[in-house]
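Written out below as structure tokens is the structure these notes cover.
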Number of protein chains: 2
Amino acid sequence: MGDITIKELAQKLGVSISTISKALSNSHEISAATREKVLAGVRKYKYTPNPNASSLRKKRSNTIAVIIPEVADSFFSQALKGIESIAQNVDYHVLIYLTYESFYKERMILNEIKSGRVDGVLMSISSETSNSHHITALRDRNIPIVFFDRVLEETETAKVVTDDFESSFKATEHLLERGCKHIAYLSTSRHLSINNDRRNGYLEALVKHNIDPSKHTVVQCSNHPEYNLGMVRKLLQQEERPDGIIASIEKLTSSIYDVCKELNISIPGQLKVITFSNLDIASILSPSLTTITQPAFEIGRTAAAILLKALQKKKLAIRNERIVIPSVLVKRGSTN
Amino acid sequence: MGDITIKELAQKLGVSISTISKALSNSHEISAATREKVLAGVRKYKYTPNPNASSLRKKRSNTIAVIIPEVADSFFSQALKGIESIAQNVDYHVLIYLTYESFYKERMILNEIKSGRVDGVLMSISSETSNSHHITALRDRNIPIVFFDRVLEETETAKVVTDDFESSFKATEHLLERGCKHIAYLSTSRHLSINNDRRNGYLEALVKHNIDPSKHTVVQCSNHPEYNLGMVRKLLQQEERPDGIIASIEKLTSSIYDVCKELNISIPGQLKVITFSNLDIASILSPSLTTITQPAFEIGRTAAAILLKALQKKKLAIRNERIVIPSVLVKRGSTN
């Protein structure tokens, strides 16, 4: 069955195209009788407005894009729920695009988006992203963007983040209090500001507590589970093995626990472990896992609220501000 | 900076609008010299084709929608990776819509989609969805749909699923072999065919092994973690407590482990546990968790391959077929 166009419908009903548009958008410019006539025709001929055509006219799609690296991470799935909680109140659709940590893919997505498919963008950058040229093009086209969690510092817009430096500092102090002498930090991409903040929090705590610089160990991990497993194994096989680990990637948890089992290293006896993680399953691991739990839902909710508030105003102005929502250190068996 | 339209660009370059379109789509109808001239103009005046306008002309958006209940479940995040692995080969964008298990939301999304935003749909239905009226409307508009995992049996199209009946049957037999006398099945929505298949596999195994019908226990769970926790607690507090559990929802794992800790029930000594789950963390739980692991990536990959193959043909015909990719029972500590 072929679709009927608005032009064909107008001919069948003997009205103008603009009358049909006005009837469908509840305009006061046409009478109730005309409106009824149009709606009856819409039903009879099964006419559906084409949203592409309609968004060309209105220049609004009532849709926002969320661009994130992945969803297999508990942080992002919770942040999405926070975003949805706001979007549904104002009848906005949420489109989710995944970059799978690829800068190339992120650029492709923005290129697709910038020509008008969505009204605004919420974004957490890929671990490969180190500059903001692709973002600038988006903003030049008046599509506002709000960053959350993984932000591009140089871009002037709202950024909703957590206190990565302080969380990492506190986690390091917690391990020192629990008696650790040699704490390793497992890092994610060096391009990400959240990673640098976490690493700096760790290093600053070590300096404050006069830990010998030879015991400062930063291990650069990647997006490849196999590579990371190898790095963790190498770290725990070395002669001067650390007695504490802070992992900045949730997925490293399995690698650390597996390697400890393999090498017969007891947690927390010989190695204490803290992970940046929102896994609700952390409490039933063996041993239960001490986590730096980020306010993922709240971060998503806040970023969405800023963007959608801006979209509902005539003038799309988003303040260049940094909103920090603190994380919580949840102490469990792995640092006991 | 205001955008230049194709009409303005055509005037500036002294060519027709159609020449610009042809140049941008690498048409053989125009000369290399003209093409170069147009591309130079595109660069100079920073012209970007509007994808809405362009999809109105081509009637193709090179985009598919994936409609799923959630992403906090490891099954769906892995299935998405499978879908992406196919889509990126043919330069298709993947838009993800989440229903959060709401039929209302699912209907809204399909309503939005059916008017031309995407070329095709991959879908796993919400746990509230019990009829296919909303799907029929989509198909009437020639937007093909392929179901994966949670399918609507009545809809005539391709369905990519796993062997839920057999997996559940095998899991039940595994518990019987390990000495269980009273096995409970924790069910998800009764609307879902996957749930009915799993429940029937469980019941048929009990019947085959002459288990007293008084020991057939099906507990109806919901989408609310608090409610489910209460149901698990009630089940494990009753006098005739089961000694085996098959949970059809990954998220029930935490509830079961937590309640066992609370009530001092040892796993696997007093209760053996199997969960339908793709969590890679299953092996580091305490005890490690026996799982029915679904071929999530493969299911996503196969569904995407069928849809995208159909989209690349002139005639959009998708066979009414059922493709079954088997799950694997991974035996671990919780059923030892």
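Taking Lys and Arg as +1 and Asp and Glu as -1, the other residues whose beta-carbon sits under 12 Å from that of A:PRO326 total -3.
Electrostatic tally near B:LEU192: other residues with Cβ closer than 12 Å to its Cβ, Lys and Arg +1, Asp and Glu -1, net -2.
Taking the charge dipole of region A:158-265 about its Cα centre, with +1 at Lys and Arg Cβ atoms and -1 at Asp and Glu Cβ atoms, the residue from A:PHE169, A:GLN220, A:ASN200 reaching farthest to the positive side is A:GLN220.
Between the Cα long axis of helix A:164-177 and the first principal axis of chain A there is an angle of about 30°, rounded to the nearest 10.
Defining a contact as two alpha carbons under 8 Å apart and six or more residues distant in sequence, what relative contact order in percent does region B:168-297 show? It would help to have the intermediate numbers written out before the result.
Values: 184 pairs, mean separation 32.5, N = 130.
It comes to 25 percent, rounded to a whole number.
With the convex hull of its Cα atoms as the shape, region A:164-293 has an orientation-averaged projected area of 7.2 nm².
Would you please calculate the Kirkwood hydrodynamic radius of region A:73-172 over all C-alpha pairs and express it in Å, rounded to one decimal?
On the way: mean 1/r = 0.0680 Å⁻¹.
Result for region A:73-172, one decimal place: 14.7 Å.
In nanometres and ascending order, the distances from the A:SER85 label point to those of the other copies are 3.5 (point 7 Å from Cα along Cα→Cβ). Counting only residues at least eight positions apart within a chain, or on another chain, the lysines with an alpha carbon under 25 Å from that of A:LYS331 are A:LYS170, A:LYS181, A:LYS208, A:LYS215, A:LYS251, A:LYS261, A:LYS272, B:LYS251, B:LYS261.
What is the antiparallel percent of DSSP beta bridges lying wholly in region A:197-336, to the nearest 5? Display every interim value, and only then the final one.
Details: 3 of 10 bridges.
Beta bridges within region A:197-336, antiparallel portion: roughly 30 percent.
With its label point defined 7 Å out from Cα along the Cα-to-Cβ axis, B:GLU153 lies at 5.9 nm from the matching points of the other copies, in increasing order.
Within the shell of other residues whose beta carbon sits under 14 angstrom from the beta carbon of A:TYR104, the net charge comes to -4, with Lys and Arg scored +1 and Asp and Glu -1. If I fit a long axis through the Cα atoms of helix B:193-208 and take the longest principal axis of the Cα atoms of chain B, what angle between them do I get, 0 to 90°, rounded to 10? That helix lies at roughly 30 degrees to the long axis.
Would you please give the FRET efficiency between A:LYS315 and A:ALA137, computed as 1/(1 + (r/R0)^6) with r the Cβ-Cβ distance and R0 = 22 Å, to the nearest 0.05?
Details: r = 21 Å, r/R0 = 0.95.
Once rounded, the FRET efficiency stands at 0.60.
Surface composition of the protein assembly as shown: carbon plus sulfur atoms hold 49% of the accessible area, using a 1.4 angstrom probe and ignoring ligands, DNA and RNA. Over the C-alpha atoms of the protein assembly as shown, the Rg to Rh ratio, Rh being the Kirkwood estimate, stands at 1.01.
The mean sequence distance of close C-alpha pairs (under 8 Å, at least 6 residues apart), as a share of the length of region A:6-49, puts its relative contact order at 41 percent. Mean-square fluctuations from a GNM of chain B, with a 10 angstrom spring cutoff on Cα atoms, peak among B:ASP258, B:ASP212, B:ASP164 at B:ASP212.
If you restrict to DSSP beta bridges whose two residues both lie in chain B, what percentage is antiparallel, to the nearest 5? The antiparallel proportion sits near 10 percent. Taking the DSSP beta bridges with both ends in the protein assembly as shown, the antiparallel portion is around 10 percent. Take every pair of alpha-carbon atoms less than 8 Å apart whose residues are at least six positions apart; their mean separation over the length of region B:61-116 yields a relative contact order of 46 percent. A Förster radius of 25 Å, combined with the Cβ-Cβ distance separating B:SER130 from A:GLN88, puts the computed FRET efficiency at roughly 0.70. Label points for A:VAL324 are taken 7 Å from Cα along Cα→Cβ. From this copy to the others they lie 5.7 nm apart, shortest first. In chain B, the calculated helix contribution to ellipticity at 222 nm averages -13000 deg cm²/dmol per residue, counting -39,500 (n - 2.57) for every DSSP H run with n ≥ 4. Cα-based values for region A:6-49, radius of gyration first and Dmax second, are 9.1, 24 Å. Spacing of the modelled spin labels on B:GLN238 and B:ASP212, each 7 Å from Cα toward Cβ, amounts to 1.4 nm. The C-alpha atoms of chain A define a longest principal axis, and helix A:225-237 lies at about 20 degrees to it.
Largest GNM mean-square fluctuation among A:ARG43, A:ARG233, A:ARG107, using chain A with Cα springs under 10 Å: A:ARG43. Distance from the Cα centroid of region B:228-295 to that of region A:203-272 is 30 Å (rounded to whole angstrom). Proximity of backbone amide H atoms, modeled 1.01 Å from N, is registered between A:ILE323 and A:LYS159, A:VAL160, A:VAL161 at under 5 Å, excluding neighbours fewer than 5 places apart on the same chain. Over chain B, all Cα pairs binned in 10 Å intervals from 0 give whole-percent P(r) values of 5, 22, 25, 18, 13, 7, 5, 3, 0, listed from short to long. Taken one residue at a time, the phi angles of region A:134-142 give Karplus couplings (6.51, -1.76, 1.60, θ = phi - 60°) of 5, 6, 4, 4, 4, 5, 4, 8, 6 Hz. Gly and Pro are set to x.
With coordinates expressed along the principal axes, the C-alpha atoms belonging to region B:184-225 extend over 33, 19, 11 Å, beginning with the largest.
Straight-line reach from B:LYS313: which lysines fall under 30 Å, measuring Cα to Cα and dropping same-chain residues less than 8 apart? Reachable lysines: A:LYS7, A:LYS46, A:LYS105, A:LYS114, B:LYS22, B:LYS58, B:LYS59, B:LYS81, B:LYS114, B:LYS159.
The values are calculated or read from the model by the stated rules, or taken from the named source; none is laboratory data. Remember, predicted model here, so these are calculated numbers, not experimental data. As a convention, Cβ positions derive from the backbone with ideal geometry for all residues, glycine included, and neighbour counts pool all protein chains shown. Side chains are part of the model used for accessible areas, which takes the heavy atoms of the whole protein and leaves out ligands, DNA and RNA. Shrake-Rupley method; radii C 1.70, N 1.55, O 1.52, S 1.80 Å.
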